[in-house]
2 protein chains.
Amino acid sequence: MTDPHSFLDAPEGTREEIMRATYLALCEHGYAGLTIDRIGEEFPKSKSLVYHHYEGKDDLLLDFLDFVVDRFEAEVPLEDADGPRERLDAVLDHVLATPLPQGRREYLSAMVELRAQAAHDEAYREQFTRHDRFFTDRLVHLIERGIEAGDFREVDAEGVAAGLVATFNGAMTMRVTTAEDPVPTLRPALEAALHEYLLTPGASRGQAR
Amino acid sequence: MTDPHSFLDAPEGTREEIMRATYLALCEHGYAGLTIDRIGEEFPKSKSLVYHHYEGKDDLLLDFLDFVVDRFEAEVPLEDADGPRERLDAVLDHVLATPLPQGRREYLSAMVELRAQAAHDEAYREQFTRHDRFFTDRLVHLIERGIEAGDFREVDAEGVAAGLVATFNGAMTMRVTTAEDPVPTLRPALEAALHEYLLTPGASRGQAR
């Protein structure tokens, strides 16, 4: 998942303030150490407001995931000025940014822990299905536009998009669960293979290698 | 991680019996629901033996991960009769088997939960570093042999291997944390891109597309 940073600086209304408090408490304490009380400590208003809105930690975290996916949907533009190739490079730049941007390690760690809940909890699984589906659909759209524009070859857009989302999910997980960051190693090879497979022959392809 | 299946049928000695019991209890109860007591229930000898050998659940699980990685190392052959390309296809066949082989969903779910511990626990992180490092090294070796044999182009073996391990980790995680299995969608595209990028031009390449 990308970082839901903008609401952190200027939360609007009680829900965004609760979401901000959840985000901060999750990054600080992780899933296991998280309690509604600790979320309340990051909340500028009365803690009782948090208890009023949510039945418990998982209820709040599921709403948090919902909020994150909604923001993700709102933040990824459907249309843009740049071409499909520049757009794809921008996705790689964002998702595989090296070194990890400030605060992202804590956020990714929290997301890895939340995703692990989805291994045995249907409600969490629904949220991560929605997230991965959304991310895949955006990439499908991007690849299809590249094919239409003649920049990309006629590949199976759904398959390439699903492969990219798996690679991104795996890389982001490995960054926070192993002592070695695989991204600086894998990124040049991923880009080279992607350009080789995706780009139509011509000037831009030669440039990409 | 691959499935450590063979010790399940014929465990040898007390440690393998404990590992077998851990595996079964982990698949049944998940990380959160796991207790030494529940592991003891799957153990054919006295429960006190398990308590004698391990200080607690995490101590036992870390030894289990150590055991799994050791087995993984022992099971993946360094040299083999097939060529590098057939060997790579065999890795894909195993890791991305569709549908999920019997029992693998439970095993992958447990591994996703154990990996999530690595987001905040150094000892778990060490085990997953060792696992990913080992898997990457095996693939590097395989790719380098393919380059030497003239079957593969002169790619960055370390980069391609790291990208594959990330893709495998992401795909295996998504299979058990989302309602949609991405593997049937992504696998043909991954194979096509990999063959396009990796295989040297010639008969075998044309055959692969």
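The numbers here are math on the coordinates, done by the rules we state, and not lab data. These numbers come from a predicted model, not from an experiment. Cβ: placed from backbone, ideal geometry, glycine included. Neighbour counts: every protein chain shown.
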When only alpha-carbon atoms count, how far does chain B stretch along each of its three principal axes, as whole angstroms with the largest first? 62, 36, 32
Under a no-solvent Debye model with one identical scatterer per Cα of the stretch A:1-75, what's log10 I(q)/I(0) at q = 0.22, 0.24, 0.25 Å⁻¹? -0.98, -1.17, -1.27
What are the distances, in nm and sorted shortest first, from the label point of A:GLU41 to the label points of the same position in each other copy, with each label point placed 7 Å from Cα along the Cα-to-Cβ direction? 3.5
Sequence order, the stretch A:165-172: Karplus ³J(HN,Hα) from phi using 6.51 cos²θ - 1.76 cosθ + 1.60, θ = phi - 60°, Hz rounded, Gly and Pro as x, gives 5, 4, 4, 5, 4, x, 5, 5
Summing +1 per Lys or Arg and -1 per Asp or Glu among the other residues with Cβ less than 12 Å from B:SER109's Cβ gives +2
Over all distinct alpha-carbon pairs, what is the Kirkwood Rh of the stretch B:101-209 in angstrom? 15.7 Å
What is the average number of partner chain Cβ atoms found within 10 Å of a Cβ in A:189-199? 5
Restricting to lysine pairs 8 or more places apart or on different chains, what number in the protein assembly as shown have Cα atoms under 26 Å apart? 5
Semi-axes (Å, rounded, descending) of the ellipsoid equivalent to the protein assembly as shown per its C-alpha gyration tensor are 35, 32, 16
Using the number of other C-beta atoms within 10 angstrom as an exposure proxy, rank B:ILE18, B:ILE147 with the fewest first. B:ILE147, B:ILE18
For residues of A:117-128, the mean tally of beta carbons on other chains within 10 Å: 5
Dipole magnitude (debye, nearest 20) for the stretch B:1-60, charges at Cβ of Lys, Arg, Asp, Glu: 140 debye
Between A:HIS29 and B:ASP37, what is the label-point separation in nm under the 7 Å Cα-to-beta-carbon projection? 2.6 nm
7 Å from Cα along Cα→Cβ at both B:SER48 and A:ASP93: what's the point-to-point distance in nm? 6.7 nm
Relative contact order in percent for chain B (Cα pairs under 8 Å, 6+ apart) equals 19 percent
Neighbour-count order for A:THR136, B:THR129, A:THR98, fewest beta carbons within 10 angstrom listed first: A:THR98, B:THR129, A:THR136
Placing the label point 7 Å from Cα along the Cα-to-Cβ direction, what are the distances from A:THR129 to the equivalent spots in the other copies, shortest first, in nm to one decimal? 3.7
Determine, for B:GLU144, B:GLU154, the number of other Cβ atoms within 10 Å of each Cβ, and report the residues in order from fewest to most. B:GLU154, B:GLU144
Chain B: most fluctuating residue of B:PRO84, B:PRO99, B:PRO182 per GNM, C-alpha cutoff 10 Å: B:PRO99
Inter-chain shielding of A:101-114 (mean C-beta neighbours from other protein chains, 10 Å cut-off): 2
Put a point 7 Å out from Cα along the line to Cβ at A:HIS52; what are the distances to that point in the other copies, in nm, shortest first? 6.0
